[in-house]
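Chemist: Quick one: the structure is below, and I'll ask about it shortly.
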Amino acid sequence: MKDIAYQCLQGNMDLEIDNIIYNSEISRKNSVFVCIKGADADGHDYAGRAAEHGAQAVICSRRPAVPEGVTVVQVEDTRKAMAYMAKVLCGCPAEKLTIIGVTGTKGKTTTVHMITQTLRTAGCPAGMIGTVQIDTGKRVIESSHTTPESVEIQEYLREMADWGCKAAVIEVSSQALMLDRIEGLNFDIAVFTNIEEDHIGPREHNSFEEYVSCKAQLFRRCTAAVINGDDPYSERMLDACSGSVKTYGFKEGNDLQGFNYTDVRLPGKLGVEFQIKGDYNIDLVVPMPGKFTCYNGMAAAAVCSLLGIAPDRIKQALRSMQVPGRQEMFPLKNGGLIIVDYAHNGTALQSLLAALSAYRPDRLTCVFGCGGDRDRNRRFKMSQAACRYADFLVITSDNPRKESPLSIISDIMVEVKRKEVPYTVIVDRREAIRFAVSRCGRGEITVIAGKGHEKGQIIGEKIIHFDDREEVLASIEKVENERDYYRKDRGCHEWKTPERE
């Protein structure tokens, strides 16, 4: 606790503690319970229960009701205290690793995967903490948050160090920065992808200015920074930088400059080809569509240049790049293409659909909904993006939470009816996916947007198993079997795409 001012309100400070708990239900002997105030509950109200379950000490910002035998330590900020305690308890594992953090509105997950895969291709064992998964080298764990709480981060870093990792690549969300989840963690390299208006509203950020300020915090705790010099807010990040800087982008003046960007079709996939000049002079092909893929690739190349990795390694790694739930492609035998993507806000959906429209598909279909109990403007912006670029819309349910799916769909429909875009409404997401897959013909692209890698659908307070990718594969199998049946048993020589609505 030397980094945190504290006052012992009662009990003995000379205790043997082997775990830090912030959930009162899992407290046990030799644990210290940290009172964290969340959106719905305040840990101070559960300190007594934690003590009943075995917690020997409580860290608080105001005195809680606990038995006399429990040690109570008061600090100004319990989240910061928890972060420093976790760091010490885990033996300061970050000191044995090269720590790379990636923040931004779009592209964080893909960039983290690109960097991690390139490091591994170059022979550097690397762990990863991100939206899709945590990979410690010992095991792969499905993520519940983009950036976990500080206790889990330190435990994962400890596991990475113990299992021979030399680097850790961490996806750093604005919430993690705001809630001190990375407190006490210094980054060797911090990466800024871009920033757009997002995550503003209840349970998130109060304003765009707060959102930008939170992002900038990462660059006050890094030795070197890699920044998208083309982004309008790059200066804000540069002003916050405490170390050396390397910029990337397509505009002149960047340390790594991209040029000759071309959309390319690969076997069963869409991709991009582009060149980089500067510290890296290299031609790259990435099997993921969109100019934003080039930006993510340049960010990864910039990180690798700082780490002394040869250009051929990044070329090899990015050529086979695939990120779960990020522009994940499923080709059909008839020449159609299904794409599952996490695009869950207007900015991301517009970027994706604009990139796909550049390939000039015969028809671009978008299956989407919008999450409930979130900023209502998000559903209007997603609808605007879909109406602008898609030829046909399948409007469905996403994660409605405690809202009525029909109420969310009603908001989406305002723009759809105004623009008179052809559409159908299928509330059941499984049926919506099956409908869209069955109607994807030769030369067409169908996007299943909003959930990407997620394996659950939040309905009310329950999470039911649901994976867009599983549903797409099941739908493809059903459609292909039916098409084979008609070809073989009905004497059809060619499958005909159902008429467009």
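The values are calculated or read from the model by the stated rules, or taken from the named source; none is laboratory data. Remember, it's a predicted structure, so these values are computed and weren't measured experimentally. Reconstructed Cβ throughout: ideal geometry from the backbone, glycine too, with neighbour counts over all protein chains shown. We work out accessible area using only protein heavy atoms, side chains counted, and drop any ligands, DNA or RNA first. Shrake-Rupley method; radii C 1.70, N 1.55, O 1.52, S 1.80 Å.
Chemist: Starting from one equal scatterer on each C-alpha and no solvent at all, send me the Debye-based log10 I(q)/I(0) for the chain at q = 0.06, 0.11, 0.12 Å⁻¹, two decimals.
Modeler: -0.31, -0.98, -1.13
Chemist: Which of the peptides 303-309, 237-243 is most tightly packed, and how do the rest follow, going by the mean number of other Cβ atoms within 10 Å of each residue?
Modeler: Result, highest mean first: 303-309, 237-243.
Chemist: Given labels modelled 7 Å from the Cα in the Cβ direction, how far is it in nm from Asn377 to Arg360?
Modeler: Each label point lies 7 Å from its Cα, and together they span 3.7 nm.
Chemist: Normalised radius of gyration for region 38-103, please: alpha carbon Rg relative to 2.2 N^0.38 Å, two decimal places.
Modeler: 1.39
Chemist: Bin width 5 Å, alpha-carbon pairs only: give the P(r) of region 27-178 as whole percents, running from 0 to the bin holding the largest distance.
Modeler: Answer for region 27-178: a P(r) of 2, 10, 16, 18, 16, 13, 11, 8, 4, 2, 0, 0 percent.
Chemist: Tell me, how many Å apart are the Cα centres for region 24-87 and for region 313-330?
Modeler: Answer, in whole Å: 43.
Chemist: Considering only protein heavy atoms and a probe of 1.4 Å, how much of the accessible area of the chain is carbon and sulfur, as a whole percent?
Modeler: The nonpolar share, carbon plus sulfur, comes to 45 percent.
Chemist: Under a crude label model (7 Å from the Cα following the beta-carbon direction), how far is Glu470 from Arg220 in nanometres?
Modeler: 4.3
Chemist: Show that you can apply the helix-only estimate: for the chain, add -39,500 (n - 2.57) for every DSSP H stretch of four or more residues, divide by all residues, and state [θ] at 222 nm to the nearest 500.
Modeler: So the calculated ellipticity at 222 nm is -10000 deg cm²/dmol.
Chemist: Cα centroids of region 381-407 and region 291-308: how far apart, whole angstrom?
Modeler: 33
Chemist: Taking the full set of protein chains and a 1.4 angstrom probe, give the accessible area of Leu89 in square angstrom, rounded to the nearest 10.
Modeler: Its heavy atoms expose roughly 80 Å² to the probe.
Chemist: Additional query: Could you check the spin-label model distance between Leu15 and Ser242? Points 7 Å from the Cα along Cα→Cβ, value in nm.
Modeler: So the label points at Leu15 and Ser242 sit 3.1 nm apart.
Chemist: Just to confirm a number: summing +1 for Lys and Arg and -1 for Asp and Glu over residues other than Asp263 whose beta-carbon lies under 13 angstrom from that of Asp263, what do you get?
Modeler: Within the 13 Å Cβ shell, the charges total +3.
Chemist: Kindly state, to the nearest 0.05, the FRET efficiency for Lys462 paired with Asp42, given R0 = 25 Å and r defined as their beta-carbon distance.
Modeler: Efficiency, from the Cβ-Cβ distance: 0.55.
Chemist: Order the peptides 434-446, 137-149 from the highest to the lowest mean number of other Cβ atoms within 10 Å of their residues.
Modeler: 434-446, 137-149
Chemist: Can you give the accessible area per residue of the chain, in Å², using a 1.4 Å probe?
Modeler: 43
Chemist: Placing +1 on the Cβ of each Lys and Arg and -1 on the Cβ of each Asp and Glu in the chain, which of Ser207, Gly460, Gly48 has its Cα farthest towards the positive end of the resulting dipole?
Modeler: Gly460
Chemist: Something else now. Work out, step by step, the length gained on full extension between Lys291 and Asp391: first 0.36 nm times the residue separation, then minus their alpha carbon distance; give nm to one decimal.
Modeler: Between Lys291 and Asp391, full extension yields 33.9 nm more.
Chemist: A follow-up question, please. Return the FRET efficiency for the residue pair Glu482, Asn23: r is the Cβ-Cβ distance, R0 is 30 Å, and the value is rounded to the nearest 0.05.
Modeler: 0.05
Chemist: So, taking all protein chains as they sit and a 1.4 Å probe, how much accessible area belongs to Glu155, in Å² rounded to tens?
Modeler: 90
Chemist: How far, in degrees from 0 to 90, does helix 78-89 lean away from the longest principal axis of the Cα atoms of the chain, to the nearest 10?
Modeler: For helix 78-89, the angle is close to 80 degrees.
Chemist: Also: Helix 291-306 against the longest principal axis of the chain: what's the angle in degrees, Cα atoms only, rounded to the nearest 10?
Modeler: Taking the Cα atoms of the chain, the angle to 291-306 is about 40 degrees.
Chemist: For the chain, find the longest principal axis of its Cα atoms and tell me its angle to the long axis of helix 346-357, 0 to 90°, nearest 10.
Modeler: 30
Chemist: Over all distinct alpha-carbon pairs, what is the Kirkwood Rh of region 251-401 in angstrom?
Modeler: Hydrodynamic radius (Kirkwood, Cα pairs) of region 251-401 is 16.8 Å.
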